[in-house]
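No value in this document is a laboratory result; all are computed from the given coordinates. Predicted model only: the values in this text are computed from it and were never measured. All Cβ positions, glycine included, derive from the backbone under ideal geometry; neighbour counts span all protein chains shown.
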Amino acid sequence: MNYNDKPLKIFFAYYKPHLHIFIADMVCALMIAVIDVTFPIVTRYLLNTFIPQGKMQLFFIIIAAILGIYCIRWVCTWFVNYWGHYFGVKVETDMRHDVFKKLESQSFSFFDTHLTGHLMSRVTNDLFEITELAHHGPEDVMTSVLTLLGSFILLLRIRWELAVIVFAFLPVILVITIISRRRLSETSRRVKEKTSMINGVLENSLTGIRVTQGFTNEKIELSKFDDNNELYKTSKKTFYHTMSTFYANVEFSTALLTLMVFAFGGYFIMKGTMTVSDLVAANLFVAVFTAPVRKLVFFVEQYSTGMAGFKRFLEIMRTDTSIKEAPDAVELLSARGNISFKDVCFSYNDKSTVLENVNLEIKAGQKFAFVGASGGGKSTICNLIPRFYEITSGSIYLDGIDLKKIKLENLRKQIGTVQQDVFLFAGTIKENIAYGKPGASDEEIIQAAKRAEIHDDIMKMSDGYDTVVGERGLKLSGGQKQRVSIARCFLKNPPILILDEATSALDTATEVKIQNAFDALAKGRTTLVIAHRLSTIKNADMIAVVDGKNIEEYGTHEQLLALNGKYAQLWNNQVM
């Protein structure tokens, strides 16, 4: 689907997979409209013919037929309300699937600039109104237009003057609708923006609740939330003020119309040019007429709120920060692990330069360490290898193949990452370890846990491997979370490892155990280690000191000490 097309074209493209339900819904809605339009004519016929002539048998036969028709109307109404709404949910579900899939394809840079709460609002709240719009929109427009035309034609047959009076009010109501539509749309957009802001503040505050309580800043967080909540209340108040004025004007117009029909009809009856049955039928037509007008009014409100959400949906679908594969990208099923950086430059959002003309040669099976001051670019270098970010210029090669020419899924399957900031999903320990290899057997999971030195801890827990870790693993200690993450990487068993301060949360005794496990896992694999504690990487095959946007020093532990430069200074500081 081309998301650069016009919004309505994209919107109706989501109807295609469920077109059979939509057509059936429209047929049922059309039958309801036909029944409603014909009822005043049948009523007039009964009043003029059968009741005055006393044809009781035929009268009740027609009444029975009308009852049968209304049973059909009941079935159609049930279908419209059940399957019609379910059709809307299907459309909404498809859109939500697509927007979530789009979010998953975005690069890290996208999430660096978008709050999680705002994105959650776009996936949930913004698409909620689309259910009603997708269902009621086309249905209300079609049935309303047909009902109005049918009412006008049939009312002409009763009294053309009344038909003119009734439909002279239609442009008035339409003008009210058109004038209000723009303001309704604008206020609806503001409400959604404020809702998104509330979600962002809420998500941020709840995620950092331990920090908030630790610094006793609950009042500050409550104040920030109240400020946004107040903005939401104000924008919602403005929206309801606009909507209420809109509905009040329409209600007054339709009431005035009923009064005018009654006044003119009474005048015609007193003049002897119109019967009471004609006036009854005319008033029934007014009731039939006001229903589609109200539907059109309701459609304007639905359209303004639904399309406001849909346009925000399109903003995400039209934002593409995903990492692109070359058209001739190849599969790499088993990498050896030779990594080369050639004049690599990188900057976030094309602003401040983070890396400049980086050149590196990392040999297969080598343990390669990165050290240096925080913010120097160590993690950035490692994040460029799985292509979490796109380099600004230069090239990175894996086994002699440009990363851009390797299928992204294949590339990332070759790399296992253990990060300093461990993220565990809200599930069981078993599920979190198995994330490294979906479908892994229990034996494989246990073996990975043993190698990560977490098995004994798990067995001491009440539910063992079925222990629920809580949101972000909050029920586990820092060291336990780190080791679960390490076990996940053991299970994946990739040819390339990236250890970003992987033992930072461990005590000394556990760190020694994990280090031994890492050494065993790293054997024959390319291992990139980011470390601040230099004692953990002094035996690395090669060490690079990253500082000032580039590689400042490069060599083994002994070679770098002999240089008596940046590395020697860092080493001496830590030893002292």
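A few remarks follow.
- Rounded to 5, the percent of DSSP beta bridges in the chain classed as antiparallel: 50 percent
- Counting DSSP beta bridges with both ends in segment 339-575, the antiparallel % (nearest 5): 55 percent
- Local electrostatic count, Ala568, Cβ distance below 13 Å [Lys/Arg +1, Asp/Glu -1]: -1
- Helix content alone sets the calculated 222 nm mean residue ellipticity of the chain: runs of n ≥ 4 DSSP H residues at -39500 (n - 2.57) each, divided across all residues, give -21000 deg cm²/dmol.
- Computed P(r) (all Cα pairs; segment 339-575; 5 Å bins; percent): 1, 6, 14, 17, 18, 16, 13, 9, 5, 2, 0
- The trypsin sites (Lys or Arg not before Pro) found in segment 344-446 that occupy coil by DSSP, while having at most 12 further C-beta atoms within 10 Å, are Lys351.
- Dipole magnitude of the chain about its Cα centre (Cβ charges: Lys, Arg +1; Asp, Glu -1), debye to nearest 20: 1260 debye
- Cysteines in the chain that lack a partner Cβ within the 4.7 Å cut-off: Cys71, Cys345, Cys382, Cys489.
- Shown here for segment 215-323: chymotrypsin sites (Phe, Trp or Tyr not before Pro) in loop regions (DSSP other than H, G, I, E, B) with at most 11 other Cβ atoms within 10 Å, namely Phe215.
- Across the chain, Cα pairs under 8 Å and at least six residues apart give a relative contact order of 14 percent.
- With the simple spin-label model, which puts each label point 7 Å out from Cα in the Cβ direction, the Cys345 to Asn573 separation comes to 2.9 nm.
- In this simple spin-label approximation, Lys405 and Leu67 carry label points 7 Å from Cα along the Cα→Cβ vector, and these lie 8.2 nm apart.
- Rounded to the nearest 20 debye, the dipole magnitude of segment 7-317 is 520 debye, with +1 charges on Lys and Arg beta carbons, -1 on Asp and Glu beta carbons, and the Cα centre as origin.
- Going through (1) 29.8; (2) 26.5; (3) 24.6, the figure that equals Kirkwood radius over Cα pairs in Å as computed for the structure here is (1).
- When the charge dipole of segment 339-575 is built from unit charges on Cβ atoms (+1 for Lys and Arg, -1 for Asp and Glu) and taken about the Cα centre, the candidate among Gly372, Ile385, Tyr465 whose Cα reaches farthest toward its positive end is Ile385.
- Here's the picture: charge each Lys and Arg Cβ at +1 and each Asp and Glu Cβ at -1 in segment 7-317, and of Gly309, Gly54, Thr254 the one pushed furthest to the positive end of that dipole is Gly54.
- Partners of Lys233 within straight-line reach, counting lysines whose Cα lies under 29 Å from its Cα and excluding those fewer than 8 residues away in the same chain: Lys192, Lys194, Lys219, Lys224, Lys295, Lys311.
- Farthest toward positive dipole pole in segment 7-317 [+1 Lys/Arg, -1 Asp/Glu at C-beta], among Pro138, Tyr82, Ala13: Pro138
- Within straight-line reach of Lys101, meaning a Cα separation under 17 Å, sit the following lysines at least 8 residues removed in sequence or on another chain: Lys90, Lys324.
- Cα→Cβ-extended label distance, 7 Å offset, between Leu231 and His532, nm: 3.4 nm
- Taking a Cβ cut-off of under 11 Å around Val80, the surrounding Lys, Arg, Asp and Glu residues balance to a net charge of -2, with basic ones at +1 and acidic ones at -1.
- Of all aspartates and glutamates in the structure, the ones whose alpha carbon falls short of 20 Å from that of Lys523, not counting any fewer than 8 places away in one chain, are Glu361, Asp399, Glu444, Glu453, Asp500, Glu501, Glu511, Asp541.
- Ellipsoid fit via the Cα gyration tensor, segment 7-317: semi-axes of 50, 23, 16 Å, each the root of five times an eigenvalue, largest first.
- The overall shape of segment 317-359, judged from the alpha-carbon gyration tensor, is oblate: a/c is not under 1.5, and a/b is no greater than b/c.
- Cα-based convex hull volume of segment 195-339 per residue, rounded to whole Å³: 257 Å³
- DSSP-assigned coil residues among trypsin sites (Lys or Arg not before Pro) in segment 249-342, each with at most 13 further Cβ atoms within 10 Å: Lys271, Arg318, Lys324
- FRET efficiency estimate (nearest 0.05) - Cβ-Cβ, Thr124 to Tyr82, R0 25 angstrom: 0.60
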